[in-house]
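*Asks:* Pasting a structure here, questions to come.
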Amino acid sequence: MQSYAKLELTRDGDILYMGYAMNQQEFLRDAMKKLGMTRSQFAARLNGNDRTLDKWLLPDNSNDFREMAPSMWAFINEIINHETLKQQYEKMP
């Protein structure tokens with residue numbers, strides 16, 4: 001059985017996710033890819049709106065960039081873990 005992916009904070013403020021250092025934008029894009037969701041679908045899954053997600057996806061040096069709360073990083077990680085386990089369960093005979 002696959003273990004849960006855990007998040008760790010690096011000294012640079014990036015997140016260490018499954019052994020890779022990722023910034024917020026990389027983490028969000030990777031999550032959308034893993035979940036097979038568009039921006040609108042992903043925003044809805046997070047119970048947010050497209051504009052908020054767009055601000056999270058902007059480069060760090062943009063005036064409109066917004067940093068996600070640590071609880072949102074954890075929530076997205078839980079969604080990914082849940083969907084991974086769900087897919088594994090659905091493949092079982």
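The values are calculated or read from the model by the stated rules, or taken from the named source; none is laboratory data. Only a predicted model underlies this, so the values are computations on that prediction, with no experimental measurement involved. A quick note on method: Cβ atoms are made from the backbone with ideal geometry, for glycine too, and the neighbour counts reach across all protein chains shown.
*Asks:* With the checklist (1) in a loop (DSSP other than H, G, I, E, B); (2) surrounded by 13 or more Cβ atoms within 10 Å (Cβ to Cβ); (3) at pLDDT 90 or above in hand, flag the one item ALA5 doesn't pass.
*Replies:* (3)
*Asks:* Checking LEU53 against (1) under 21 Å from GLN87 (Cα atoms); (2) within 12 Å of the chain's Cα centre (by Cα), which test does it fail?
*Replies:* Only one criterion is unmet by LEU53, namely (1).
*Asks:* Could you figure out which of (1) within 20 Å of ASN23 (Cβ to Cβ); (2) outside any loop (DSSP other than H, G, I, E, B); (3) in contact with a Leu (Cβ under 9 Å, 6 or more places away or on another chain); (4) at pLDDT below 95 isn't true of MET68?
*Replies:* (2)
*Asks:* Just the residues that are in a helix (DSSP H, G or I), out of contact with any Lys or Arg (no Cβ under 8 Å at 6 or more places or on another chain) and of a type in the set (A, V, I, L, M), please, taken from the stretch 75-93.
*Replies:* Within the stretch 75-93, ILE76, LEU85 qualify.
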